[in-house]
Amino acid sequence: MSTIPFAHLGEALATDYFQVREQFTSEQWEHFIATRRFVDREVLPAINAYWEAAELPWPLYRRLAELGLLGEDIQGYGCPGMSPLARGLVNMELHRGDGSLGTFLGVQSGLAMKSIALLGSEEQKERWLPALARLDAVGAFGLTEPGHGSDSVALETSARRDGDGWVLDGAKRWIGNGSIADVVVVWARSEEDGQVKGFLVEKDFDGFEATTMEGKGASRAIWQAEIRLDGVRVPESSRLPGGNSFKDAGRVLITTRTTCAWGALGHAVGAYDAALSYAKQRTQFGKPLAAFQIIQQKLVHMLAEVTGMQLYCMQLARLEEAGRLSDTIAGLAKLNNTRKAREVIAEARDMLGGNGVLLENHVIRHMGDIEVIHTYEGTETMQTLIVGRDITGMGAFA
């Protein structure tokens, strides 16, 4: 493997201070290297312009399909069927390049496609999964509501029976891809039994309206939407047969919380790489910054945090492969890695001085984007309370 002609392979291995790479299979290594090559050769040279202009980088999105990354660990239906570790490595590398690109993969694959794969009928899988894997269609996941962010279980969007179908009413907010999606997995509460159910709502259904949210200071190369559902009629064939409670939605979210942990690691690695490279090249007081004790102390602290995050992620992949991953384990990893990533990125920005706020140095994007991943899929506060309830047996929230 070391003979692969790759400009930044040395840096990739240098970041792996505890040599976890030796545990990769050939499949996992190839996914890692292919994605890293894509990030260095295609993402980093182009992404700043898209991010600054808040434009969607469609050429890069399409490359995700061409590289066979969409659908990640889903088996069949034109999806790559990756192992949990390979899926994590891909997410890590994409976030090392840009959080918006990693979030697009997370929404398309981890939320929309995974919902259909886990909870959909065979007909729904055949219709949507191959198209979503080729990016012939775009997917979204509608759970969060204007009045229910962390308290998502209290969602108010309603679904009532009407003849041979359903009628949906309500609103969703912060829905990644929502304004460009061909199909949105919408979670609504049934008026029949009070349970939360999943529906596949297509963009041309009457009463469906999605508006792109503006003014974001982070993850600017992906669009989030506000969605209005005004008497949207959905046929029974578009209801997810396996999505009959909030626990079913939770089955999807367990996996996405693990990819949040991997994504946070990618952001931290990107910032650390930028800081190390800058410290070696930037001369002050007659010698490179890297020659000063305080800079070396900062770099070692950053590397220690990155290494700990790597070990978290490796164990997540092992537990998932063994069928032993729980929502609380995934939540603790998400909590830890997003917190640590924020610290590493802040240290990197400080080390670069004024140059740290320039997009060309690839740190300030990470500083903004980590705030997004720190918040979505359950904030640090909510993950703390969920894990706290697990270890004490006492719930500190309703």
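The values are calculated or read from the model by the stated rules, or taken from the named source; none is laboratory data. Keep in mind it's a predicted model, so treat the numbers as computed, not measured. Every residue, glycine among them, receives a Cβ derived from its backbone with ideal geometry; neighbour counts consider all protein chains shown. Just so you know, the surface numbers come from the protein's heavy atoms only, side chains and all, with ligands and any DNA or RNA stripped out. Shrake-Rupley method; radii C 1.70, N 1.55, O 1.52, S 1.80 Å.
A few points about this structure:
- Pairs from the list Lys298/Lys340; Lys114/Lys172; Lys172/Lys197 with a Cα-Cα gap above 18 Å: Lys114/Lys172.
- Region 245-312: translational diffusion in µm²/s, Stokes-Einstein, Kirkwood Rh over Cα pairs, 4 °C, 1.567 mPa s: 92 µm²/s
- Long-range amide H partners of Gly176 with built H, under 5 Å: Phe141, Ala225
- Calculated FRET value between Ser245 and Met213, using beta carbons and R₀ = 22 Å, to 0.05: 0.15
- Ratio Rg/Rh, restricted to region 279-398 and using Cα atoms, in which Rh is the Kirkwood radius: 1.09
- What the phi angles of region 168-181 give under the Karplus curve with 6.51, -1.76 and 1.60, with θ = phi - 60°, is a coupling list of 10, 9, x, 9, 10, 9, 6, 8, x, 6, x, 8, 10, 6 Hz, glycine and proline written as x.
- nm² value of the averaged projected area, convex hull over the Cα atoms of region 15-71: 5.1 nm²
- Using θ = phi - 60° in the Karplus curve 6.51 cos²θ - 1.76 cosθ + 1.60, the 3J(HN,Hα) couplings for region 379-385 round to 5, 4, 4, 5, 5, 4, 5 Hz; x is entered for Gly and Pro.
- The share of alpha-carbon pairs in region 206-276 lying farther apart than 17 Å comes to 71%.
- Around the Cα centre of the chain, unit charges on the Cβ atoms of Lys, Arg, Asp and Glu (plus for the first two, minus for the last two) sum to a dipole of about 1100 debye.
- With all projection directions averaged, the alpha carbon convex hull of region 94-176 covers 7.0 nm².
- Rg and Dmax, both from the Cα atoms of region 30-132 and both in Å, are 13.7, 41.
- Backbone N within region 36-77 under 19 Å of label point (7 Å from Glu27 Cα along the Cβ vector): 36, 67-77
- Remark: the Phe18-Glu52 segment gains 8.7 nm on full extension, using 0.36 nm per residue and subtracting the alpha carbon distance.
- Of interest is the spacing of the C-alpha centroids, which for region 261-309 and region 108-141 amounts to 39 Å.
- Each principal axis of the Cα cloud of region 177-307 was evaluated for its coordinate range; sorted largest first, these ranges are 72, 30, 19 Å.
- Sorting the segments 111-119, 235-243 by their residues' average number of neighbouring beta-carbon atoms within 10 angstrom, most packed first, yields 111-119, 235-243.
- For region 222-237 versus region 334-384, the gap between their alpha-carbon centres in whole angstrom: 32 Å
- Probe 1.4 Å, accessible area per residue of region 97-194, Å²: 33 Å²
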